[in-house]
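*Asks:* Mind looking over this structure? Questions follow.
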Amino acid sequence: MIRKATEYLPAFAVCTVIVFLLDLPFRTIGFLGLVPVAGPKNMLPLLLGVLFGPAGCLANGTGLLLSAAVRTDFTYAACLEGMLTTGVAWLCRSLWYLPANTCAPRIKKPQELAKFLVLALGSGCLLGGGLALSPTQAQGI
């Protein structure tokens, strides 16, 4: 059964605000001297995608783009990060629910923990690699 789009709006709004509020401080003050795209906020695509479904996936990119708009950072890199985060969240969600019998996100067994850790590491590598290999990073912009 397909849900109405309005049923996803509260989850989408809350997730967007969460991503926005976590991204903005990392962009403005930095975190442990890391580049602005690094930090604990990179767990959000995996967590929000798995927990909130399509609304969480789309909210990742929207929150980052909203943060970029507040900072007046209308660059290719900001748009690329928003699109990459949405794609990685969708990929993590798809891989988490790959076995058709998985009905709820849980980490109670060692195999579920291993699955979560592999997805967390993989999503971080995809985001970092995708942004590091972007044309704007290669040009030094």
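The values are calculated or read from the model by the stated rules, or taken from the named source; none is laboratory data. Everything numeric in this text was worked out from a predicted model, so none of it was measured. Please note: Cβ atoms are built from the backbone with ideal geometry, for glycine as well, and neighbour counts cover all protein chains shown.
*Asks:* Please state which of the following conditions Pro36 fails to meet, knowing it meets all the rest: (1) at pLDDT 80 or above; (2) surrounded by fewer than 21 Cβ atoms within 10 Å (Cβ to Cβ); (3) touching a Lys or Arg at 6+ places or on another chain (Cβ under 7 Å).
*Replies:* (1)
*Asks:* Further question: Anything in the stretch 49-84 that is without any contact (Cβ under 8 Å) to a residue 24 or more places away in the chain and polar (S, T, N, Q)? List them, or say none.
*Replies:* Selection gives Thr72 alone.
*Asks:* Given the residues Leu47, Leu80, Leu65, Leu91, which is the only one that is in contact with a helix residue (DSSP H, G or I) (Cβ under 6 Å, 6 or more places away or on another chain) and either farther than 20 Å from Leu9 by Cβ or surrounded by 15 or more Cβ atoms within 10 Å (Cβ to Cβ) (or both)? Step through it out loud before you land on a result.
*Replies:* Numbers: Leu47 fails: in contact with a helix residue (DSSP H, G or I) (Cβ under 6 Å, 6 or more places away or on another chain); Leu80 fails: in contact with a helix residue (DSSP H, G or I) (Cβ under 6 Å, 6 or more places away or on another chain); Leu91 fails: in contact with a helix residue (DSSP H, G or I) (Cβ under 6 Å, 6 or more places away or on another chain).
The unique qualifying residue is Leu65.
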